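Engineer: I am attaching a structure below and will ask some questions about it afterwards.
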Amino acid sequence: MKWDFNSVFANTDALLVGAVGTLHIFAICLVAGLSLGLVVGLGRYARAPWFRWPATAFVEFFRNTPVLVQILWFYFALPMLLPFEISPLAAAALGISLNSAAFSAEIYRGGIQSIEPGQWDGARALGMGWGQAMRRIILPQALKRMTPALTNRAIEIFKMSTLASAVAYVELLQQGKLIASLNYNPIEAYTTVAVIFFVFLWPMVQFTYVLERRLRRSE
Amino acid sequence: MSYHWDFTPVLANAPLLAEGLVNTLKVTGVSLGCGLAIGLALALMRLSRHRLASWPAGFVIEVFRTTPPLVQLFWFFFALPLIVGIEMTPFLAACVTFSIQSAAFFAEVFRAGIQSIERGQWDGARAIGMTHGQALQRIILPQAVKRMIPAFMERAIELMKTTTLVATIAYADLLFAANELSQKSFRPLETYTVVALIYFFVIFLASQLARLLELRLARSGESTVH
């Protein structure tokens, strides 16, 4: 068995297209997932049951089903109810974003609950309403504590983006598959894809470790 | 647009889905068992003072924690058989991938658990004449494992969700059964909805069980690691 990476390097442009696709869906899911997660997380924390109940159902459902099932549901099942087709990007982005929203909602909720009640009392004593206290006093402190968990979520989203290949969205793994089948070089093609992901993600993981350590020292 | 729901083709093929669920549980069970064993070995290697043991373990843990599971699965299914020259079945590829992948995560749980045990326990074991291995086996691990239970449960549930990836290499798990059934019956909406609900009930049940265990551990005053 001789390794020959030339056939992979000859297809660098295909891998670049894949990398752009991966970054594209990653960016969409990161923004959509983490911001929807904040809304759901606040809903989970709300006292009004018609806010809290749907938020809880959302979190439980999306946390307790596999994300690949969600993606395939959006791609194959949802179009039956809609008068239009759903693109691979839309289906994958919907699945990954909603899944990440459910997981990050729990991070936001935990972060907000970790703030001492005295901070709420203090804000109220200054005449702040619930929204003002949340925005100016509670969230800024909670966000600091949540950063490591949220960067971990971002890493998970990056890894999950490979599932989009199951509905033939053009991203790195999909391009690796293409190169492997055109050149009969699965060893080199999949090894290259794995190395690219490792190179992308390893610094992010190390950064999270540093954040965790710093947070532990400051609290 | 009104859609006419019809669940009869799905219900008629319930045995196909049941078989898929059994296969899902099979991959989960095998990977969980192997993952725990390999994970303990990796953790002990990583905690070892010898570089020759700790460095390779650290490498395996980092690689399998930082690369996407689907890339790992494809590598083991398409690339590995060509390197070692063996026939690879989807089941074997899935078990190997998910065993090593969960071992990498379990290793970190084991490590945190072992490190959470007070030094005095080691000293005490040595004082009554135990070797390192004996102390680990009789004193440290029994205490550490109890603290790790919630983290293990959480990981086992993650593992079950991850096993759906085997459908992409045509192993007949529950998701793959759904793909087949939806193509056969032209009822993707009903099929995928039912399958999503099956996954939900199984995983939700496991999550509730994990939560209950964690509560009980917390009430008994046991600290836990994550």
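Engineer: Work through the residues other than residue A:80 whose Cβ is under 14 Å from its Cβ and net out their charges, Lys, Arg +1 and Asp, Glu -1. Don't jump to the answer; show the numbers that get you there.
Structural biologist: Numbers: positive: B:187; negative: A:85, B:6, B:190.
With Lys, Arg at +1 and Asp, Glu at -1, the net is -2.
Engineer: Hey, another quick one. Mind ordering A:197-209, A:26-38, B:119-131 by average Cβ neighbours within 10 Å, highest first?
Structural biologist: Details: A:197-209: 15.0, A:26-38: 19.1, B:119-131: 11.8.
Top of the packing list down: A:26-38, A:197-209, B:119-131.
Engineer: With only Lys, Arg, Asp and Glu charged, each at its Cβ (+1 for the first two, -1 for the last two), find how big the charge dipole of the protein assembly as shown is about the Cα centre; round to the nearest 20 debye.
Structural biologist: Working: 36 positive and 26 negative charges, 345 e Å.
Here the protein assembly as shown has a charge dipole of around 1660 debye.
Engineer: To continue, here is another question. In units of 2.2 N^0.38 Å, what is the alpha-carbon radius of gyration of the range A:2-82? Intermediate values should be presented prior to the final figure.
Structural biologist: Values: Rg = 19.5 Å, N = 81, 2.2 N^0.38 = 11.7 Å.
Ratio of Cα Rg to 2.2 N^0.38 Å: 1.67.
Engineer: If you take the C-alpha gyration tensor of the range A:70-159, multiply each eigenvalue by 5 and take the square root, what semi-axes do you get, largest first, in whole Å?
Structural biologist: Numbers: eigenvalues 277, 51, 15 Å².
Working through the eigenvalues yields semi-axes of 37, 16, 9 Å.
Engineer: What does the average come to when, for each residue of peptide B:73-79, you count the partner chain Cβ atoms lying within 10 Å of its Cβ? It would help to have the intermediate numbers written out before the result.
Structural biologist: Values: counts 2, 11, 8, 1, 2, 8, 9.
Per-residue shielding by partner chains comes out at 6.
Engineer: In whole angstrom, and with the biggest value first, how far do the Cα coordinates of the protein assembly as shown range along each principal axis?
Structural biologist: 64, 63, 46
Engineer: Going highest first, how would you order B:94-105, B:185-196, A:5-16 by mean Cβ packing within 10 Å? Don't skip to the end; give the middle numbers.
Structural biologist: Numbers: B:94-105: 23.7, B:185-196: 20.7, A:5-16: 14.4.
Peptide ranking by packing, descending: B:94-105, B:185-196, A:5-16.
Engineer: Compute and list, largest first, the equivalent-ellipsoid semi-axes of chain B from the alpha carbon gyration tensor, each √(5λ) rounded to a whole angstrom.
Structural biologist: 40, 23, 12
Engineer: For chain A, what is the calculated [θ] at 222 nm in deg cm²/dmol (nearest 500), taking -39500 (n - 2.57) for each run of four or more DSSP H residues and dividing by its residue count? Write out the running numbers ahead of the final one.
Structural biologist: Values: 10 runs with 165 residues, N = 219.
-25000 deg cm²/dmol, from helical runs alone.
Engineer: In peptide A:171-184, how many Cβ atoms from other protein chains are near each Cβ within 10 Å, on average? The partial results should precede the final answer.
Structural biologist: Numbers: counts 0, 2, 5, 0, 0, 4, 3, 0, 0, 3, 1, 0, 0, 1.
Counting other chains' Cβ atoms within 10 Å and averaging over A:171-184 gives 1.
Engineer: Related question: Rounded to the nearest 500 deg cm²/dmol, what is the calculated helix-only ellipticity per residue at 222 nm for chain B, with -39500 (n - 2.57) per DSSP H run of length n ≥ 4? Working shown, then result.
Structural biologist: On the way: 11 runs with 171 residues, N = 226.
The helix-only estimate for chain B comes to -25000 deg cm²/dmol at 222 nm.
Engineer: Have a look at A:108, A:22, A:5 and report the one farthest towards the positive end of the charge dipole of chain A, computed about the Cα centre with Cβ charges (Lys/Arg +1, Asp/Glu -1).
Structural biologist: Final value for the positive-end residue is A:108.
Engineer: Holding the Cα-Cα limit at 29 Å, pick out from B:26/B:146; A:144/B:146; A:2/A:177; A:144/A:177 the pairs that are longer than that. It would help to have the intermediate numbers written out before the result.
Structural biologist: Working: B:26/B:146 25 Å; A:144/B:146 31 Å; A:2/A:177 20 Å; A:144/A:177 40 Å.
Those over the limit are A:144/B:146; A:144/A:177.
Engineer: Here is a further query. May I ask for log10 I(q)/I(0) of chain A at q = 0.07, 0.16 Å⁻¹, from a Debye sum over the Cα atoms as equal point scatterers with solvent left out?
Structural biologist: -0.30, -1.10
Engineer: With only Lys, Arg, Asp and Glu charged, each at its Cβ (+1 for the first two, -1 for the last two), find how big the charge dipole of chain B is about the Cα centre; round to the nearest 20 debye.
Structural biologist: Working: 18 positive and 14 negative charges, 181 e Å.
About 860 debye.
Engineer: Let me know the volume per residue of the alpha-carbon convex hull for the range B:63-189, in Å³. Intermediate values should be presented prior to the final figure.
Structural biologist: On the way: hull volume 18.1 nm³, N = 127.
Per residue, the Cα convex hull of the range B:63-189 comes to 143 Å³.
Engineer: Give the calculated FRET efficiency between residue B:207 and residue A:141 to the nearest 0.05, with a Förster radius of 35 Å applied to their Cβ-Cβ distance.
Structural biologist: On the way: r = 29 Å, r/R0 = 0.84.
About 0.75, to the nearest 0.05.
Engineer: Given the C-alpha centroids of the range B:45-70 and the range A:123-137, what is the distance between them in whole angstrom?
Structural biologist: The range B:45-70 and the range A:123-137 have Cα centres separated by 47 Å.
Engineer: Suppose a student asked you for the relative contact order of chain B, using Cα pairs under 8 Å spaced at least 6 residues apart; what percent would you report?
Structural biologist: Reported relative contact order: 30 percent.
Engineer: Still on this structure: Tell me which of A:43, A:138, A:209 sits at the most positive position along the dipole axis of chain A, charges placed on C-beta atoms (Lys, Arg +1; Asp, Glu -1).
Structural biologist: Towards the positive end, the residue furthest out is A:138.
Engineer: Also, quick follow-up: When the Cα centres of the range A:162-186 and the range B:87-149 are compared, how far apart do they sit, in Å?
Structural biologist: Each part's Cα centre sits 37 Å from the other's.
Engineer: Considering every residue in A:195-202, what mean count of other chain Cβ atoms within 10 Å of its Cβ is obtained? Before the final figure, lay out each step's value.
Structural biologist: Values: counts 3, 2, 6, 6, 1, 2, 4, 5.
Partner-chain Cβ atoms within 10 Å, mean over residues of A:195-202: 4.
Engineer: Using Cα pairs under 8 angstrom and six or more residues apart, how large is the relative contact order of the range A:6-218, in percent? Kindly include the intermediate steps, with their values, before the conclusion.
Structural biologist: On the way: 233 pairs, mean separation 60.9, N = 213.
Relative contact order comes out at 29 percent.
Engineer: Let me ask something else about it. Please name whichever of B:69, B:128, B:102 sits farthest to the positive end of the charge dipole of the range B:23-171, dipole taken about the Cα centre and charges placed at Cβ: Lys and Arg +1, Asp and Glu -1.
Structural biologist: Among B:69, B:128, B:102, the one farthest towards the positive end of the dipole of the range B:23-171 is B:128.
Engineer: What dipole magnitude, in Debye to the nearest 20, does the range A:127-172 give about its Cα centre under +1 on Lys/Arg Cβ and -1 on Asp/Glu Cβ?
Structural biologist: Numbers: 6 positive and 2 negative charges, 69 e Å.
Using only the charged Cβ atoms, the result is roughly 340 debye.
Any read-out appearing in this document is the output of simple, stated calculations on the displayed coordinates, not a laboratory observation. What you are looking at is a predicted structure, and each value in this text was computed from that prediction instead of being measured. When we count neighbours, we look across all protein chains shown, and the Cβ atoms used for this are built from the backbone with ideal geometry, even at glycine.
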